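*Asks:* This structure is in structure tokens; I'll ask about it shortly.
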Amino acid sequence: MIQIKINGENILVEDGTPLIKAAEAAGFKVPSLCYNDELGHFTSCMLCLVKDGENGRLFPSCSVPATEGMSIITDDQEIREARLTGLELLLSEHVGDCQAPCQVTCPAHMDIPQMNRLIAAGKFKEALRVVKKDIALPSVLGRICPAPCEGACHRGTVDSSVSICLLKRFVGDENDLHPFDALPLNGKKVAIIGAGPAGLAAAFYIQLNGYQTVLYDKELAPGGLLRTNIDPEVLPVAVLDRDISAILSTGVLFIGDTAIDKSLFQQISTQFDAVVIATGAIVDELRDWGFLTHAKGIDAERNSYETSMKGVFAIGNTLRFSRMSVRPIGQGKEVAWSVKQYLSGEEPRGEPRLFNSRFGRLFQDEISEYLKESVLSGKVISNDIISKGYTQEEAMLEAKRCLHCDCRDIENCKLRDLSGKYNANQRRYAGNVRKLMTKHFAHSIVYEPLKCIKCGICVRLTSKYQEKYGFSYIGRGFDVQIGVPFNETLEAGLAETAEKVAQACPTGALTVKD
């Protein structure tokens, strides 16, 4: 064993241990994209840079072994700036969307592509679970949402956008069971003032987190403008009651016929651990309750929705008027994050916002690549669509029209995680003309070369496991790509190691299909 110093701490390690592993053993995580425990160092991504504490020189920790007496610094401003530059150079050639345009455009950020995949596979209950992670009233919104997501759908470049709203409506109507169980109550209570779409959504997600939620409203029944301002031909009362019943079934308590004035608000504020105001358009009386307001409504922090009063949050039309019910419903989901953070002793900051790579519009020459995972049929129109919506068969066919624009490895992409951590700017070193996306399929995987960062892990893995062809570097200089040599197919290149290689890929370039 030898002794080295990492960030001022004396560490005992075996002689020759790569510094990246020595730092990890000491509790200091050094980022890397090209290092793989099974393969060792390759020195490609240059994100694992650390500093020599004696002379200030930066070097890659994956390829330098520990030697007696070393003094290493794993994180400071200079190191972070060098890593950021490395990330932004990698992102400059990375062509691919983390989230599909439809999900980015949806005010509730619902995972629409995943919903589509599950519907296409006939997994309707699983699809409902995906929808209700972000949208508490799926059958309602499936009838009244103006569908901004459909305006961003890449399928519209081909013929017409996927009928996302009708598919969401189908999922809500098709399932009788509520897909989530609330956490056990933890003893803390949250009051929500206003049982319109924003208040109902907030109650649903806050109750799921284990906080006893009490929903107050001046009307006898919950629903707000959903119940009073929408034609029952468009939104039948039975559909509204069904979605609301699913929310109340989680344990939310509803107290109707109760108008909240300043005195009762102050009483509620002392009796509850947190309060969410979702009363709809602000009225003069609300301005006298003690928090800051502006011309359009209550003044609240943009991401957390916390007002000037500690532990009091405001969402929906109390902030500013919106005609889209999906927006306040999305805010109801987001404020649940802030309430949980506040009641856990943290600073409220709202729903985490992750890095999102975006490449813009789909070029005409790329349409055929995306259609490889879709069907050529046009939008599915049902004769009963106004009254009954899609049948199971129609919903499955319409869902198959999705082009799968999202990244399938979004939860495990190291490039995305690090880009968010270092606040990388994808456009800083990007050129004016991007390359065309391509998709290649073999066995159970998808290969998208323009998402590849050329870390070499796949090349080394296929070599280690003695694939006949495997992967190799093809071309030279800036034009080098990872591919199968001798113009062989992807199936031939990954005959034995397809899933192993996909699981080792640090980005979404090689992913298991579904």
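*Asks:* Most exposed first by the Cβ proxy, i.e. fewest other Cβ within 10 Å, how do Asp176, Asp241 rank?
*Replies:* Ascending number of Cβ neighbours within 10 Å: Asp176, Asp241.
*Asks:* List the lysines whose Cα lies under 28 Å from the Cα of Lys262, skipping any in the same chain that are fewer than 8 positions away.
*Replies:* Candidates past the 8-residue exclusion: Lys188, Lys189, Lys218, Lys296, Lys310, Lys333, Lys340.
*Asks:* Provide, for q = 0.14, 0.17, 0.18, 0.19 Å⁻¹, the log10 of I(q)/I(0) from a solvent-free Debye sum over equal Cα point scatterers in segment 414-512.
*Replies:* Values, matching the q order: -0.55, -0.79, -0.87, -0.95.
*Asks:* If each Cα of segment 127-226 is one equal point scatterer, what is log10 of I(q)/I(0) from the Debye formula at q = 0.16, 0.20 Å⁻¹?
*Replies:* Values, matching the q order: -0.79, -1.06.
*Asks:* What value does segment 1-145 have for Rg/Rh, both radii from Cα atoms and Rh as Kirkwood defines it?
*Replies:* 1.22
*Asks:* Still on this structure, please answer the following. Can you give me the relative contact order of segment 2-75 as a percent, contacts being Cα pairs under 8 Å and 6 or more apart?
*Replies:* In percent, rounded to a whole number, it is 42.
*Asks:* Which residues' amide hydrogens lie under 5 Å from the amide hydrogen of Gln212, considering only partners 5 or more residues apart or on another chain, with H built in the peptide plane?
*Replies:* Long-range HN contacts for Gln212: Asn186, Gly187, Lys188, Val190.
*Asks:* What is the dipole size for segment 244-343, taken about its Cα centre, with +1 at each Lys and Arg Cβ and -1 at each Asp and Glu Cβ, in debye to the nearest 20?
*Replies:* That gives a dipole near 400 debye.
*Asks:* Moving to a separate point now. I'd like the distance separating the alpha-carbon centroids of segment 50-97 and segment 116-134, in whole Å.
*Replies:* 42 Å
*Asks:* Here is a follow-up. For the ranges 124-137, 257-270, 337-350, 274-287, what's the packing order if you count other beta-carbon atoms within 10 Å of each residue, average per peptide, and put the highest first?
*Replies:* In descending order of packing, they fall as 124-137, 274-287, 337-350, 257-270.
*Asks:* Please give the net charge around Lys421, taking every other residue with its beta carbon less than 15 angstrom from that of Lys421, where Lys and Arg add +1 and Asp and Glu add -1.
*Replies:* Within the 15 Å Cβ shell, the charges total +2.
*Asks:* Enumerate the amide H contacts of Ile72 below 5 Å, restricted to partners 5 or more residues apart or on another chain; note that Pro and chain-start residues carry no placed amide H.
*Replies:* Those lying under 5 Å, H to H, from Ile72 are Lys5, Ile6, Asn7, Gly8, Gly53.
*Asks:* With a sphere of radius 15 Å drawn around the Cβ of Asp261, what net charge do the other residues whose Cβ falls strictly inside it have (Lys, Arg +1; Asp, Glu -1)?
*Replies:* With Lys, Arg at +1 and Asp, Glu at -1, the neighbours total -2.
*Asks:* Based on the Kirkwood radius over alpha-carbon pairs, what is the Stokes-Einstein translational diffusion coefficient of segment 262-377 at 4 °C with 1.567 mPa s viscosity, in µm²/s?
*Replies:* Roughly 78 µm²/s, to the nearest whole number.
*Asks:* OK, next. Normalise the Debye intensity by I(0) for the chain, one equal point scatterer per Cα, no solvent, then take log10 at q = 0.09, 0.13 Å⁻¹ and round to two decimals.
*Replies:* Values returned for q = 0.09, 0.13 Å⁻¹ are -0.78, -1.23.
*Asks:* Per DSSP H run of at least 4 residues, take -39500 (n - 2.57); add these up for the chain, divide by its residues and hand me the 222 nm value, nearest 500 deg cm²/dmol.
*Replies:* Estimated from H runs of four or more residues: -9000 deg cm²/dmol.
*Asks:* When the expected Rg is taken as 2.2 N^0.38 Å, what fraction or multiple of it is the alpha-carbon Rg of segment 222-294?
*Replies:* So segment 222-294 has a normalised radius of gyration of 1.35.
*Asks:* Arrange the peptides 224-237, 11-24, 449-462 so that the one whose residues have, on average, the most other Cβ atoms within 10 Å appears first.
*Replies:* 449-462, 11-24, 224-237
*Asks:* With the Cα gyration tensor of segment 337-398 giving a ≥ b ≥ c as the square roots of its eigenvalues, does the rule (a/c under 1.5 for rounded; else a/b larger than b/c for prolate; else oblate) give rounded, prolate or oblate?
*Replies:* It comes out oblate by the Cα gyration axes.
*Asks:* Here's another thing I want to ask about it. Can you compute the charge dipole magnitude of segment 174-281 about its Cα centre, using +1 on each Lys and Arg Cβ and -1 on each Asp and Glu Cβ, nothing else charged? Give it in debye, rounded to the nearest 20.
*Replies:* It comes to approximately 480 debye.
*Asks:* Structure shown: which of Lys132/Lys379; Lys21/Lys414; Lys439/Lys513; Lys21/Lys468; Lys29/Lys421; Lys414/Lys513 lie over 21 Å apart, alpha-carbon to alpha-carbon?
*Replies:* Pairs exceeding 21 Å: Lys132/Lys379; Lys21/Lys468.
*Asks:* Cα atoms only, segment 1-87: Rg and Dmax in Å?
*Replies:* For segment 1-87, the Cα-based Rg and Dmax read 11.9, 35 Å.
*Asks:* A further question on this structure: If you plug each phi of segment 191-204 into the Karplus form 6.51 cos²θ - 1.76 cosθ + 1.60 with θ = phi - 60°, what whole-Hz ³J(HN,Hα) values come out, in order, with x for Gly and Pro?
*Replies:* Those phi angles translate into 9, 10, 9, x, 10, x, x, 5, x, 5, 5, 4, 4, 4 Hz.
*Asks:* With a cut-off of 17 Å, note down the residues of segment 10-33 whose backbone N falls inside the zone around a label point 7 Å from the Cα of Arg57 toward its beta carbon.
*Replies:* Inside the label zone: 19-20.
*Asks:* Taking the beta-carbon count within 10 Å as an exposure proxy, list Ser161, Ser61, Ser419 from fewest neighbours to most.
*Replies:* Going from least to most buried by this count: Ser161, Ser419, Ser61.
*Asks:* If packing is taken as the mean number of other Cβ atoms within 10 Å per residue, what is the order of 388-397, 325-334, highest first?
*Replies:* 325-334, 388-397
*Asks:* Let me know the charge dipole size of the chain about its Cα centre in debye, to the nearest 20, where only the beta-carbon of Lys, Arg (+1) and Asp, Glu (-1) is charged.
*Replies:* That gives the chain a dipole magnitude of about 640 debye.
*Asks:* Under 5 Å between amide H atoms, partner at least 5 residues away or on a different chain: which partners does Thr293 have, H built in plane at 1.01 Å?
*Replies:* Sorted by chain and number, the residues that satisfy this are Asp299.
Read-outs: derived from the displayed coordinates by stated rules, not from any lab. The model shown is predicted, which means the values in this text are computed figures rather than measured ones. Cβ sites come from the backbone with ideal geometry, for glycine too, and all protein chains shown count toward neighbours.
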